[in-house]
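The values are calculated or read from the model by the stated rules, or taken from the named source; none is laboratory data. For clarity, every value in this text was computed on a predicted model and none was experimentally measured. Here Cβ is always computed from backbone atoms with ideal geometry, including for glycine, and neighbour counts include all displayed protein chains.
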Amino acid sequence: MLKTRDESIEGKVCTVSGSGNVAQYTVEKLNQLGAKVVTLSDSNGFIHDPDGIDEKKLAWVMELKNVRRGRLKEYAQQYGVKYYENQRPWGIECDIAFPSATQNEIDEKDAETLVKNGCIAVCEGANMPSTSQAVKVYLKAKILYGPGKAANAGGVATSGLEMSQNSQKMSWNREEVDEKLHQIMIGIHETCVRYGKEGDFINYIKGANIGGFIKVANAMLDQGVV
């Protein structure tokens, strides 16, 4: 099972969809942890770079998307890799998939392809990028599945950290924010494990749902609502 530290993901081949901020910083973090990201996508298609989208290439993508507002097809021309027009990257063999673009971008057929190709984990970086049928495929195959409500909680958590800084009139550097976020995500993971354990398997969507319900219920009790 994947752990919370970098040694667990080192050397893993990852597919990432999207090319906006979430996808960009997903690639940055995966590179830091020693993984190899081989895909990115936009609304016109996706690129497959078997050598990996390293720090230099990622900087080029950030300039392309954030400054020039260009299309990923230019990446294929720049680095001599294949561009798949009007397709999604889930047919590319990978160890871990990070859907980070849009809702319902992985359907049942895509999920079956991922499992067939040996994908061991799907970690969502968008709001409900997997259809309900796709989720059933993950659970049936018993691969690790990080639902968006848990795995994609970092953005909301960081907004909370920003509010804390503002209210306390403090300023944390990037490393401090990253460490605080890391601890928050560890806590979310532990909650999912606590409530999602099914024998030797962790059902993270069950754990996230139960953990979230209990947190809200406890807050209502504390406030005297019920």
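Things to note:
- Which listed residue is more than 25 Å from VAL115 (Cα to Cα) and at pLDDT 95 or above, from GLY155, GLY211, GLY160: GLY211
- So VAL122, is it at negative phi and assigned to a helix (DSSP H, G or I): no
- Residue under evaluation GLY52, criteria (1) touching a Lys or Arg at 6+ places or on another chain (Cβ under 8 Å); (2) touching a residue at least 24 places away in the same chain (Cβ under 8 Å), criterion not met: (2)
- Yes/no for GLY187 being buried (at least 16 other Cβ atoms within 10 Å of the Cβ) and either not basic (Lys, Arg) or not in a helix (DSSP H, G or I) (or both): no
- Scanning the range 126-143 for residues that are closer than 24 Å to GLY20 by Cβ and touching a residue at least 60 places away in the same chain (Cβ under 8 Å) turns up ALA126, PRO129, VAL135.
- The set of residues in the range 59-90 that are among the small types (Gly, Ala, Ser) and either without any contact (Cβ under 8 Å) to a residue 24 or more places away in the chain or assigned to a strand (DSSP E or B) (or both) comprises ALA59, GLY70, GLY80.
- Lone unmet requirement of (1) closer than 22 Å to ALA101 by Cα; (2) surrounded by fewer than 14 Cβ atoms within 10 Å (Cβ to Cβ); (3) among the hydroxyl-bearing types (Ser, Thr, Tyr) for THR158: (2)
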